[in-house]
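Notes follow the structure.
Read the figures in this text as sums done on the coordinates, not as results from a lab. The shown structure was predicted, so the numbers you read here are calculated from the model rather than taken from an experiment. Glycine gets a Cβ as well: all are built from the backbone with ideal geometry, and neighbour counts include every protein chain shown.
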Amino acid sequence: MNIKWKNKTFITYGLILLSMVLSILFVQNNFYLYDKPIAEVIETTVTDEEETVDSLSNTDQVIDQTVIGEIKNGDHKGQRILMENQYSESGAADHEYQMGDKIFVSIQNDEGTHLTGNIEGAKRDTFIVVAAWLFIVTVLWVGKKSGLYSLISLVVNVLVLMLAMNYYTEGEDVNLFWICSGLVLFFTVFSLLLVSGNNKKTHAAILATVAGTFSSLLIAYAVIKLTAGEGLRYEEMAFITRNPQSVFLASLLVGSLGAAMDIAITITSSLYELTEKNQAIALKDLKTSGREIGKDIMGTMSNVLFFAYVSGSIPMILLYLKNGMAVNYTLSMNLSLELTRALVGSIGIVLTIPISIYTAIYFIRKGRVIK
Amino acid sequence: MNVLILLALILFVLMKVIGGEKGTRSFLALFFNFGIMLVTIILMTDQAINPILLTIIACILISCINLFYINQFNFKSLTAFVSTILTLILLIFAVFVLVEKSKIQGFGIEEIEELLSFSFYVGIDFGDIIICTIIMGTIGAITDTAISISSAMNEIYFHNPTLDRYQLFKSGMTVGKDILGTTTNTLFFAFIGGYLALIIWFKDLGYSLGEVLNSKVFASEAMSIFYTGTGAILIIPITAWLSAYSMVKYKDKVRSGEAE
């Protein structure tokens with residue numbers, strides 16, 4: 001029995017390792033999938049090096065390099081291409097290229113012995129796959145079967161999100177808010193059923209999550225209406241093709257969901273655990289225990305959201321400050337939306353605590369009456 | 001009134017009503033952390049200071065606030081603190097090696113177009129900054145998981161003092177498995193919420209899958225999610241191991257110094 005089990009784990013680990021190696025090899029050699037020409041850098045030479053000082057006396061080193069690459073796909077496969085590149089030490093908007101780097105190029109001149117062209121950008125798909133595998137391996141190693149379930153739930157959620165966004169961007173007159181509400185329902189039901197099975201406990205957690213998420217959004221909406229959105233800098237949303245306010249509200253809804261789910265499942269399972277250990281436990285005691293647990297988790301949970309949202313703005317804030325922008329202006333331009341997200345998410349966390357306690361107690365009481 | 005101030009006020013009232021004194025502490029902790037982050041960013045503009053070193057110091061301060069201020073100084077929070085530091089160091093190495101080659105530092109073409117009047121030769125190494133960004137994004141999730149596991153194991157050991165190190169480690173890992181799914185969910189949805197606009201933007205502008213995958217904006221986001229997730233999970237075995245080791249070693253300290 002034991003040997004059989006060990007064999008099975010061995011095979012499982014073998015399969016994971018194999019698919020990891022194969023997929024990394026694949027993305028390293030998938031040049032034929034791209035229409036744009038790709039070159040592998042085989043030689044670089046520095047042609048010029050210069051110190052620059054900008055109007056705010058920031059000093060930097062700007063370097064010119066000649067890059068010779070070998071085309072890996074298309075009509076010119078195997079030919080050499082000569083390109084110029086300029087990069088700086090800080091690398092805010094440019095890159096130094098080294099031997100072995102794979103880059104997208106555009107071919108300008110194909111007469112003569114050498115091709116010449118421009119560098120369009122780095123090929124980054126390999127690194128995404130490597131990072132993804134690092135995550136997958138860690139999840140499976142630590143979580144085993146429950147790790148696998150959370151991976152499945154993440155993958156399905158991403159696919160459903162992509163489908164919904166396809167539907168939204170291609171359809172006319174489709175309301176983003178309703179799509180995201182539908183998504184929230186689906187994500188909650190699917191993720192929680194997968195994590196803790198189809199039972200009363202899960203149903204209570206689903207109800208609490210949905211109620212918590214939507215009430216936090218309601219508060220956010222009321223606040224934005226009441227203050228006429230003062231202090232929100234929608235122009236900060238660099239990537240926007242739609243009405244910024246509706247995209248922002250939809251993003252608040254999705255963003256608060258995960259944390260609300262976390263709180264709902266933690267509190268509901270603990271309360272069910274307590275009733276299982278002690279069938280006769282008074283509902284009042286359950287309420288107190290639920291609140292104790294809630295107190296313990298709300299502080300660190302709101303910090304999870306805070307850092308996840310705010311840290312992404314660090315590079316942009318630095319660029320603003322280095323360009324001599326006032327601290328006040330920089331922060332309001334770069335953080336107003338992120339801080340709002342973190343605050344609304346935290347409100348969702350705190351609201352979900354009492355909501356989960358009452359839904360769980362309601363379900364537990366109903367279960368007792370039936371018995 | 002300003003949206004942010006009103007929301008902060010609502011959050012404070014809710015935290016105080018539902019969490020009592022600990023709720024107030026949780027709210028203040030958010031403020032202190034914000035302050036530490038701002039000071040860190042402002043210090044980063046000084047070329048003479050190494051930004052990664054600065055981030056490590058900031059993360060240590062933030063862990064102190066999250067663990068010792070919100071949860072008070074005791075055996076549980078001390079174990080969680082040491083585990084947090086170990087995980088941070090491990091994560092910095094992993095990220096350092098991997099980010100170096102992937103060319104995701106700085107800003108994407110799409111962002112640069114909006115900032116044409118800006119100077120980009122500002123003398124800060126954005127290759128270091130992206131590492132700082134990833135590490136900072138993880139610190140909240142790491143401390144959260146660390147304290148959850150160490151306090152759960154503390155309870156388990158208190159109720160079953162005969163457990164040996166291996167059994168204790170095993171039950172810590174069982175607790176960790178439950179946390180794993182919900183933590184990855186929290187981070188995942190937070191990121192999706194943050195980048196919903198970007199997803200719609202890619203679709204509206206008709207980017208092909210290949211263009212999306214290789215663009216700097218998407219690649220740096222995707223990699224941040226994966227590294228942050230890895231850090232938030234890596235803390236599980238580290239805390240479980242460290243708790244099992246130290247709880248058995250310092251038996252008498254378990255559950256002592258607890259105010260509750």
Give me the count of lysine pairs in chain B whose alpha carbons sit under 15 angstrom apart, restricted to pairs 8 or more positions apart or on different chains. 5
Can you grab the distance from the C-alpha centre of the range A:280-336 to the C-alpha centre of the range B:132-154, Å, no decimals? 14
Take peptide A:141-154, look around each residue's Cβ out to 10 angstrom, count Cβ atoms belonging to other protein chains, and average those counts. 5
Give me the one-decimal nm value for the distance between modelled label points at A:Glu230 and A:Leu148, 7 Å along each residue's Cα-to-Cβ direction. 5.6
How high is the relative contact order of the range A:148-217? Use alpha-carbon pairs under 8 Å, at least six apart in sequence, and give a whole percent. 34
Tilt relative to chain B, helix B:165-204 - C-alpha long axis, 0 to 90 degrees, to 10: 20
Note on chain A: helices (DSSP H) long enough, at least 30 Å by alpha carbon along their axis, and hydrophobic enough, mean Kyte-Doolittle at least -0.5, are A:2-28, A:125-170, A:200-226, A:244-277, A:283-310, A:327-370
Just to confirm the number: angle between the C-alpha axis of helix B:216-249 and the first principal axis of chain B, 0 to 90 degrees, nearest 10? 10
Residue mean of other protein chain beta carbons inside 10 Å, A:169-179: 1
Helix B:51-63: angle to the longest alpha-carbon principal axis of chain B, degrees 0 to 90, nearest 10? 40
Give me the percent relative contact order of chain A, please, defined on Cα pairs under 8 angstrom at least 6 residues apart. 14
Quick calc: nm separation of the 7 Å Cα→Cβ label points for A:Asn7 and A:Glu49 -> 6.2
Average partner coverage of B:46-59, which counts Cβ from other chains inside 10 Å: 1
Cα centroid separation, the range B:16-66 to the range B:191-209 (Å): 31
For the range B:71-253, what does the alpha-carbon gyration tensor say about shape, rounded, prolate or oblate, given a ≥ b ≥ c as the root eigenvalues, a/c under 1.5 as rounded, and a/b over b/c as prolate? prolate
Diffing the range A:105-113: the Karplus 3J(HN,Hα) column from phi (6.51, -1.76, 1.60, θ = phi - 60°), in whole Hz with x for Gly and Pro, holds 10, 10, 8, 9, 9, 10, 8, x, 6
If the elastic network links every pair of Cα atoms under 10 Å, which of B:Tyr195, B:Tyr245, B:Tyr157 fluctuates the most in the Gaussian network model of chain B? B:Tyr195
Restricting to Cα pairs below 8 Å that are 6+ residues apart, what does the relative contact order work out to for chain B? Please round to a whole percent. 27
